[in-house]
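Each value in this text was obtained by applying a stated rule to the coordinates, not by laboratory testing. The model shown is predicted, which means the values in this text are computed figures rather than measured ones. For neighbour counting, all protein chains shown are included, and Cβ atoms are generated from backbone atoms with ideal geometry for every residue, glycine included.
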Amino acid sequence: MGVVFTRIGTPLPGKQVEAFNFVKARAAAVNAAYGTNAEVHVRMGGPIGQVVMVSTHKNVQELEDLKRKVIEDSGSGKIPVAPDGVFSTVEDAIWLTK
């Protein structure tokens with residue numbers, strides 16, 4: 001069963017540009033490092049400036065393996081981490097597909 005992974009970041013007031021630039025840089029780094037297809041989108045309507053990174057995977061195990069690599073490489077500086085004072089909330093969701 002396929003998987004769609006989303007990470008939604010809600011920026012603090014006045015931090016929309018920084019939030020968008022960070023998510024674009026993180027998606028590009030993840031795509032380059034692991035050959036993924038993460039895309040970045042900005043929400044129109046709802047919370048102002050909300051940014052989402054979306055990626056698809058063949059199954060939950062593939063996503064779990066990738067998340068472990070990203071966590072490890074974020075700690076070593078290979079993958080960028082969110083700067084302090086940019087996001088008020090960040091939420092992950094995993095969607096199962098047919």
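Using C-alpha pairs below 8 Å separated by at least 6 residues, the relative contact order for the chain is 50 percent.
The convex hull built on the alpha-carbon positions of the chain has an orientation-averaged projected area of 6.2 nm². Relative to the longest principal axis of the Cα atoms of the chain, the long axis of helix 60-75 makes an angle of roughly 50 degrees.
In the structure shown, the pairs K58/K78; K15/K69; K24/K78; K78/K98 are assessed against 22 Å; a Cα-Cα span above that value is assigned to K58/K78; K15/K69; K78/K98. Of the peptides 38-46, 56-64, 1-9, the order by per-residue mean of other Cβ atoms within 10 Å, starting with the highest, comes out as 1-9, 56-64, 38-46.
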